[in-house]
Structures are given as C-alpha cells and as structure tokens.
Amino acid sequence: MVTSTDAKQAIYRERMEQLRSWMRHYRFGLALRRRTRRFFKEYYASHSAIDDNAILADLAPDLQRDVADYLLHASIKHHPLFAAFALQCEKQPAARGLRHRRDSPSLHL
C-alpha cells in the first residue's frame, strides 16, 4: 500500500510540475494559474493518478485475462446478475473499467 501511495504521489507531483511549466510557458496570469492549479488538484484527488486502462492495454492478452480475473471479485464473477458481464470481461479484459478487490494492491481499474 505504501509503495502504491508513493507511486501515485510521484505521478501527481510530476503532473503538477508539467502543469506549472505549461502555464509558465503560456504566461498565465496569477488568477488563472491559481484556478487551473486548484482544478487539477481537485481532479487528481478524485481520480486515479495511474491510467489503469493503459496499463492493461499494454499487457499481453493472456496476462490481461489473468490480471482481469484477479481484479474481478469472485462474488461478481459468479453472481447471476453479472454473469454476462463476467463472460464479456473474459473475452475483452482491457475494454472495461475494473475496481480492485479490497485485498489487492491499490490499482483502481
């Protein structure tokens, strides 16, 4: 968990530095810089800093399937309401957004 948090913080700091450089390049005024920074601070606080879909898309198909199987909680895979969804996920694991299991690493897919 600590490693995941550290990774997210590092990505957040990098993105905020890129934003600062970009605004400096375009010579944003002070008020506009503050509003833009505030927006992205709130945005990144409510969104995962790691693009999980991009990570899944880069994996080999067999590994995608294994990771998706691990992240898709068993209670969902075997619930009748989600049976069709689980079958679709097995066929196209990177095509959907997943949520991590409570006992898994902090990847929010």
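Since every read-out is calculated from the coordinates, none of them should be taken as a lab result. Quick caveat, the model's predicted, so the values are computed rather than measured. Positions of Cβ are backbone-derived with ideal geometry, glycine not excepted, and every protein chain shown enters the neighbour counts.
What to note about this one:
- Each 10 Å bin from zero up to the one holding the largest Cα-Cα distance in region 2-46 carries the following percent of pairs: 27, 49, 20, 5.
- FRET efficiency, 1/(1 + (r/R0)^6) with R0 22 Å, evaluated for Tyr43 and Thr5 via beta carbons: 0.75
- Remark: spin-label model distance His79-Glu14 equals 3.5 nm, labels positioned 7 Å along the Cα→Cβ axis.
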